[in-house]
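A.B. asks: Right, I'll just put the structure down here and ask away after.
The values are calculated or read from the model by the stated rules, or taken from the named source; none is laboratory data. Just so we're clear, the structure is a prediction, and the values are computed from it rather than from any experiment. Positions of Cβ are generated from backbone atoms using ideal geometry, with glycine treated the same way; all protein chains shown enter the neighbour counts. We work out accessible area using only protein heavy atoms, side chains counted, and drop any ligands, DNA or RNA first. Shrake-Rupley method; radii C 1.70, N 1.55, O 1.52, S 1.80 Å.
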Amino acid sequence: MILRDAILPAGGRLDPETAARAGTEVKALASFGDQTILERTIGALRESGHVRRIIVIGPTLLQGHPSCAGADAVLEEAATGPDNIFLGVDHLAAQDDALDEMLIVTTDLPFLSGEIVRSYLGLCPDDREFCVPLISRGEFNARYPGATATFVTLRDGEFTAGCMYAAKLDALRRARPHIERVFEQRKNKLGMARLLGLGFVWGYLRRTLTVADIERKVQSLLDCRGAAIAGSPPELAYDIDDLEDFDYASRHVGEAR
């Protein structure tokens, strides 16, 4: 069994309306039941049996916070999402020359469990350097009826990506400039179109792209052997973005799968 070191970026903020309902502006500290999302995430990773060290990167208030009790280190957040990820990478690499297998997990997944982590990692091929979970609309709707999510229409169907990424250290470092460019352009439609290329954008608009096309584009953008992991657990795609997401999760966290 491969043991991975996990990086948990925990700097995401809630919008004012959702923050007022949750009692915190930090997504990772929103509570469902008697646990914050951060506690649930750390607990799920430990329970999975697939994770060695856990590094949390977030705001100052996480230092010494009870939600971080199961983490190996808590680092002060940097200016951007990619910077936060590589703060964790550098911290882990400084302690282990043989560091290789990484797991990047967002801290806004309220339905995460050890079983979910095991299930996803069991689907990730050992020969791929970067794995992204892929969930179909049908799978998501069956698990979370009435919930909303953003899906991309491909020739194979409608899909959304999950928020747990298995990566090898060398590939992650090699991809850093590409990840930073994508992050910089994430809200700029024209900039993102330039990154993707007109042929890819045209294929998307015509709905002729396939999952295999997406895989090839990810590999090209990140300069690595990537894989889109179809059939990944829908729990990896349910993240907290707004009040509707928060209220739905508040009603359903704790229900049997």
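A.B. asks: Report, to one decimal in Å, the Kirkwood hydrodynamic radius for region 40-149 based on all distinct Cα pairs. Write down the numbers at each step before the final one.
C.D. replies: Values: mean 1/r = 0.0634 Å⁻¹.
Roughly 15.8 Å, rounded to one decimal.
A.B. asks: Give me D for the chain in µm² s⁻¹, whole number, from Stokes-Einstein with Rh from the Kirkwood sum over alpha-carbon pairs, 4 °C and 1.567 mPa s. Please list the in-between numbers first.
C.D. replies: Working: Rh = 18.8 Å.
After rounding, the answer is 69 µm²/s.
A.B. asks: Let's test the formula: R0 of 41 Å, r as the Cβ-Cβ distance of ARG155 and ASP15. What FRET efficiency results, to the nearest 0.05? Don't skip to the end; give the middle numbers.
C.D. replies: Numbers: r = 35 Å, r/R0 = 0.84.
It comes out at approximately 0.75.
A.B. asks: Could you grab the Rg to Rh ratio for region 25-66? Cα atoms only, Kirkwood for Rh.
C.D. replies: Numbers: Rg = 10.9 Å, Rh = 11.2 Å.
With Rh from the inverse mean 1/r over Cα pairs, Rg/Rh is 0.97.
A.B. asks: Which value, in Å² rounded to 10, gives the accessible area of ASP241 with a 1.4 Å probe and all protein chains present?
C.D. replies: Per-residue accessible area (ASP241): approximately 90 Å².
A.B. asks: Name the residue farthest towards the positive end of the dipole of the chain from the options ALA175, THR208, ALA78, assuming +1 on Cβ of Lys and Arg, -1 on Cβ of Asp and Glu, about the Cα centre.
C.D. replies: Projecting each Cα onto the dipole axis, the largest value belongs to THR208.
A.B. asks: Where does the charge balance sit around SER67 when Lys and Arg score +1, Asp and Glu -1, over other residues with C-beta under 10 Å from its C-beta? Walk me through the numbers on the way to the answer.
C.D. replies: Details: positive: ARG40; negative: GLU39.
After counting each charged neighbour, the total is 0.
A.B. asks: Which one of SER67, LEU103, ALA149 has its Cα pushed farthest toward the positive end of the charge dipole of the chain, where Lys and Arg give +1 and Asp and Glu give -1 at the Cβ?
C.D. replies: ALA149
A.B. asks: Same structure again: Identify unpaired cysteines across the chain, taking unpaired to mean no other cysteine Cβ lies under 4.7 Å from the residue's Cβ.
C.D. replies: Result for the chain is CYS68, CYS163, CYS224, no neighbouring Cys Cβ within the cutoff.
A.B. asks: How big is D for region 119-159, in µm² s⁻¹ as a whole number, if Stokes-Einstein is applied with the Kirkwood radius of its Cα pairs at 10 °C and 1.306 mPa s?
C.D. replies: 133 µm²/s
A.B. asks: While we're looking at this one, here's another question. Which value in nm describes the separation of the simple spin-label points at ASP83 and GLN35, placed 7 Å from the Cα toward the beta carbon?
C.D. replies: The modelled label-to-label distance comes out at 3.2 nm.
A.B. asks: Could you report the accessible area of LEU243 in Å², rounded to 10, computed with a 1.4 Å probe on the protein chains as they sit in the structure?
C.D. replies: The accessible area of LEU243 comes to roughly 30 Å².
A.B. asks: On to the next question. List the residue ranges in the chain for DSSP H helices whose C-alpha atoms run 20 angstrom or more along the long axis and whose Kyte-Doolittle average is 0.0 or above. Show your work: numbers first, answer last.
C.D. replies: Values: long enough: 81-95 (22 Å, 0.21); 169-185 (24 Å, -0.83).
Helix filter hits for the chain: 81-95.
A.B. asks: So how strong a dipole does the chain carry about its Cα centre when Lys and Arg Cβ are +1 and Asp and Glu Cβ are -1, to the nearest 20 debye? Don't skip to the answer; put the middle values down first.
C.D. replies: Values: 29 positive and 38 negative charges, 178 e Å.
Dipole of the chain, to the nearest 20 debye: 860 debye.
A.B. asks: Next up: Relative to the present Cα-Cα distance, how much length would full extension add between GLU180 and ASP100 at 0.36 nm per residue of separation?
C.D. replies: On the way: separation 80, 0.36 × 80 = 28.80 nm, distance 2.10 nm.
Length difference between fully extended and current span is 26.7 nm.
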